[in-house]
1. So which residues in the stretch 95-119 are free of Cβ contacts under 8 Å to residues at least 40 places away in the same chain and under 20 Å from the mean Cα position of the chain (by Cα)?
2. Say we look at the stretch 175-198 and pick out the residues that are touching a residue at least 24 places away in the same chain (Cβ under 8 Å) and assigned to a loop (DSSP other than H, G, I, E, B); which of these is surrounded by the fewest Cβ atoms within 10 Å (Cβ to Cβ)?
3. With a cut-off of at least 1 residues that are farther than 23 Å from residue 189 by Cα and modelled with pLDDT of 90 or more, name the helices (runs of 4 or more DSSP H) lying wholly within the stretch 1-57.
4. If you go through the stretch 95-102 one residue at a time, do you hit one that is part of a loop (DSSP other than H, G, I, E, B), under 26 Å from residue 159 (Cα atoms) and touching a helix residue (DSSP H, G or I) at 6+ places or on another chain (Cβ under 8 Å)?
5. For the stretch 144-151, check the following and say yes or no: at least one residue is farther than 24 Å from residue 63 by Cβ, outside any loop (DSSP other than H, G, I, E, B) and free of Cβ contacts under 8 Å to residues at least 60 places away in the same chain.
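The values are calculated or read from the model by the stated rules, or taken from the named source; none is laboratory data. Here the structure is a predicted model, which means the values were calculated and not measured. So basically every Cβ, Gly included, is an ideal-geometry build from the backbone, and we count neighbours across all protein chains shown.
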C-alpha cells in the first residue's frame with residue numbers, strides 16, 4: 001500500500017513537470033493552470049481533484065460549471081460559517097479589483113452596466129465617516145464577494161442578450177473575456193466547496 005502511494009505521488013509530480021514544461025513555453029503560465037500546479041505540488045491530499053480540476057473545463061463549459069457551484073453555495077450550503085468562509089476566499093474582491101476588470105472590458109461592461117449602479121456600493125467612509133470598524137470592513141467584503149458572484153452569474157445568464165443589439169459581439173467573446181480575467185474563481189470555488197465536503201453530489205466531471 002505504501003509503495004502504491006509513493007508511485008502515485010511520483011506519477012503526479014511527473015504530470016506536474018509535463019504541464020509546467022508545456023505551459024511555460026508559451027510565456028506566463030495562466031493563473032488557473034498555476035492553481036492546479038500548486039495543488040499537485042503542495043496538496044497530495046487533493047489528488048481526487050487533479051483530473052477534474054477547473055482548469056481542464058473547456059471554455060464553452062466554464063459558465064455552466066460556475067453556475068452549478070454558485071447555485072450550490074448560495075442555496076445548499078446552509079452552514080453560515082462555511083458559506084462565509086467560502087465567500088471570503090473568492091479572489092479579485094480585495095480593493096474592489098473585480099469592478100475594474102469588468103469595467104475595462106467592453107464586452108463585460110455590457111453585463112456590469114445592464115442595470116446602472118446595481119453593483120456599486122457607497123464607500124464606507126461616506127456611510128460611517130472616519131470611524132469605520134473592522135466588522136464593517138469584513139461585512140463589506142462579504143457583500144462585495146456576493147455582488148461579484150452575482151455579476152458573474154448574470155454574465156452567464158445574459159451572454160446571448162447582447163447579440164440582439166447589433167454590435168460586433170459574439171457570446172463566445174464573453175466566455176473568453178471572463179476566463180481571461182477571472183479564471184481563478186472556478187478554481188477557488190471548486191477547492192473551497194471540496195474543503196467543505198460539498199462537491200460529491202455536484203457531478204462536476206460532467207463539464208469536462
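1. Hits for the stretch 95-119 are 95, 97, 99, 100, 103, 104, 109, 112, 119.
2. Among those that are touching a residue at least 24 places away in the same chain (Cβ under 8 Å) and assigned to a loop (DSSP other than H, G, I, E, B), it is 196.
3. Those helices (runs of 4 or more DSSP H) span 2-24.
4. The answer is no, given that none of the residues of the stretch 95-102 is part of a loop (DSSP other than H, G, I, E, B), under 26 Å from residue 159 (Cα atoms) and touching a helix residue (DSSP H, G or I) at 6+ places or on another chain (Cβ under 8 Å).
5. no
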